[in-house]
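Structure record follows, encoded as structure tokens.
Bear in mind these aren't lab numbers, they're just calculated from the coordinates by the rules spelled out. Predicted model only: the values in this text are computed from it and were never measured. Counting neighbours? That spans all protein chains shown, and the Cβs are built from the backbone with ideal geometry, glycine included.
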Amino acid sequence: MATTQNKDYYATLGVKKTATPEEIRKAFRKAARKYHPDVNPGDKKSEEKFKEISEANDILSDEKKRKVYDQLGFYSDQIDPAQAEAYARQQSAGGQPPVDFGGFDFNGFGGSAAGPQAGAGSSTWGNFKDIFSGIFSGAHEAQRSSGPQPGADLEYQATVDFWTAIRGGQARLLIHRQEICPTCHGQAQTGGPMQCPECNGTGQVTQMGGRMKFNIPCPRCNGTGRVSNDCPTCHGEGTVNRTETVEFRIKPGTRDGQRIRLQGKGNAGLHGGAAGDLFVIVRTGTHPVFTRTGDDIHLTVPVTIAEASLGAKVDVPTIEGRAQLKIPPGTQSGQKLRMRERGVESASHPGQRGDQIVSIEVIVPHLQDERSREIMRELAKLNNQDPRVTLFDKL
Ligand SMILES: [Zn+2]
Ligand SMILES: [Zn+2]
């Protein structure tokens, strides 16, 4: 057991605080005879009581442990008797000199706290942990590196319209980035150090640990009583947040999802560190007729029954205007025809172009007059193949 709760061990053993070791020994023997489990088999209350007096005896019969207990009101393996004494001296003197926790085993402390044994002294334990986490975060803050720190990269998405992505052009983007502070030029401080406002220059602050008061080195100034004079513009950050419009070039053939790197347009670095980069992920806009997949353009072209069955040359739109498409005789609805090199010029492979892929959609006419219906019936008689025959063959 590493720590005990705040218990009155003297009351447990029924002795005075001034009891001699001999008196304590006798009191324990007497109580132990009364509550020993062998004497009271199966009696839970006696068993508990026996544990309590054993614990009290363990602390009070040990000169060092008793000293810590007398001074702090509880006992922990982690506390050095000398420190407990220093704490007691400070309390009785009424002054508030700092307790030196230099000899503390922080690792053991935290490790045990997380372990199954933490339960017994959890309240005291928690308070201690709070104090130490406070010290740690403070110290961490003070040890903040003053060497060059590179600025962070930024990533933004920018949507450019369909045609700009294909033909190239300029794009604009509103970004938020950290820039070198114009007041302190990134130094974060103006002038020399000043008195620490947290501890008013004393270098110490008081923290509560359960019912105890501890004086610890001020986490803000790390116990020095002086802090740097933070720049009023950037509050000691060295950088300020700025909203900025950046303009950048879109290469012809830029694809959806492409990343553009704008060097040095990320956050500013600290203490002379290089600025980060800005990465723009390009999202390309859509078009009502053309659909783009990589460097290929897809579109659907409606044709008549006559064009599909007899074959025809029809005008279709491409990204560079009209072009002629040859519909072979017997073309089916849904069939895809490829128009080579009618797609987008590649951004990554100069001189290469994608294709235009045309999906044929056969439009069935609504026959309005008897003559047309007669011709259609005639046509059906002449071409009486069953288009569903293969469907049944596969069943
Ligand atoms: Zn500044
Ligand atoms: Zn301070």
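Here are a few things to note about the model shown:
- Range of Cα positions in segment 291-368 per principal axis (Å), largest first: 52, 19, 19
- Using a Förster distance of 45 Å, the FRET efficiency for Q324-R249 (Cβ separation, nearest 0.05): 0.85
- Bridge type composition, segment 291-368 - antiparallel percent by DSSP, nearest 5: 65 percent
- Normalising by residue count, segment 338-395 has a Cα convex hull of 186 Å³ per residue.
- A Förster distance of 56 Å, applied to the separation of the beta-carbon atoms of Q352 and T206, puts the FRET efficiency at 0.15.
- The simple spin-label model puts a point 7 Å past each Cα toward its Cβ; for A152 and R261 those points are separated by 2.0 nm.
- Among the trypsin sites (Lys or Arg not before Pro) within segment 296-395, those in coil by DSSP and having at most 10 neighbouring Cβ atoms inside 10 Å are R340, R388, K394.
- Förster radius 30 Å - calculated FRET efficiency between H298 and Q368, Cβ distance, rounded to 0.05: 0.35
- Paramagnetic reach from N241 (point 7 Å along Cα→Cβ, amide N under 20 Å) across segment 157-179: 157, 173-179
- Potential lengthening between K44 and V389 on full extension [0.36 nm per residue; Cα-Cα distance subtracted]: 115.3 nm
- Inter-label distance, nm, simple model (7 Å from Cα along the C-beta direction), L174/V314: 4.5 nm
- For segment 1-74 and segment 140-213, distance of Cα centres in Å: 56 Å
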